[in-house]
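To start, the structure itself, in structure tokens.
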Amino acid sequence: MSTPNELHDRMREWIEVLVGRSMRDLILYLKQHDLSMAQYGTLMRIFHQGSCAVMQVGSHLGITNAAASQMVDKLVQQGLLERSEAEHDRRMKQLSLTEKGRELVQRAYEARLGWLEQLADALPPERRAAATELMAELAHLAQRLDQPPAAPEG
């Protein structure tokens, strides 16, 4: 039987492998597509948000609006983003992903985590059920830790 400290050490080791491998594969993918982490971060933000303004990109990255605009220009030229007029203010430009941009984000995700399929296949069949159950339990516990504490009754 292992102690909580031993489990903690193994979980830290796993996270270091997971993050290290995932980041390495993501960086290789981005280099192949001539993208910086800031550009990828912008694409991811818009992927999850649906759209945003250039000034929100600058604010999110902690850069000037001019620098954000230059970065966005490159993404537009690459066919990954498109600009349109904001509905509430025609002077403002909204950014959204093109189909090519959406596909790139999805392929980047697959490139980053594709090795997990190989890992699951490498696990001996007799250990897969226990590993699956443990991973589900850890995910559930982690989600519970993210929940705000219940308000006291009364």
MET92's amide H: which non-local residues (gap 5+, or another chain) put their own amide H closer than 5 Å, with H modeled 1.01 Å from N in plane and none for Pro or chain starts? ALA86
Answer with one residue from GLN49, LEU119, MET71: the one whose Cα lies farthest towards the positive end of the charge dipole of the chain, charges on Cβ with Lys, Arg +1 and Asp, Glu -1. MET71
For peptides 120-129, 70-79, sequence by mean Cβ density within 10 Å, most packed first: 70-79, 120-129
With each label point set 7 Å from Cα along the Cα-Cβ vector, what nm distance links MET44 and LEU141? 2.6
What translational diffusion coefficient, to the nearest whole µm²/s, does the chain have by Stokes-Einstein, given a Kirkwood radius computed over alpha-carbon pairs, a temperature of 25 °C and 0.890 mPa s viscosity? 130
Karplus (6.51, -1.76, 1.60) ³J(HN,Hα), θ = phi - 60°, over segment 104-118, in Hz, Gly and Pro reported as x: 4, 4, 5, 5, 5, 4, 5, 5, 5, 10, x, 5, 5, 5, 5
Amide proton proximity set for LEU81, modelled H, under 5 Å, gap of 5+: VAL76, THR98
Mind ordering 60-69, 139-148 by average Cβ neighbours within 10 Å, highest first? 60-69, 139-148
According to the Cα gyration tensor, what semi-axes, each the square root of 5 times an eigenvalue, does the equivalent ellipsoid of segment 63-154 have, listed from largest to smallest in whole Å? 41, 26, 11
Calculated [θ] (222 nm, deg cm²/dmol) that DSSP helices of n ≥ 4 give over the chain, each run adding -39,500 (n - 2.57): -23000 deg cm²/dmol
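Every number in this text was worked out from the coordinates using simple rules, so none of it is lab data. As the structure is a prediction and not an experimental result, all values here were calculated from the model. So basically every Cβ, Gly included, is an ideal-geometry build from the backbone, and we count neighbours across all protein chains shown.
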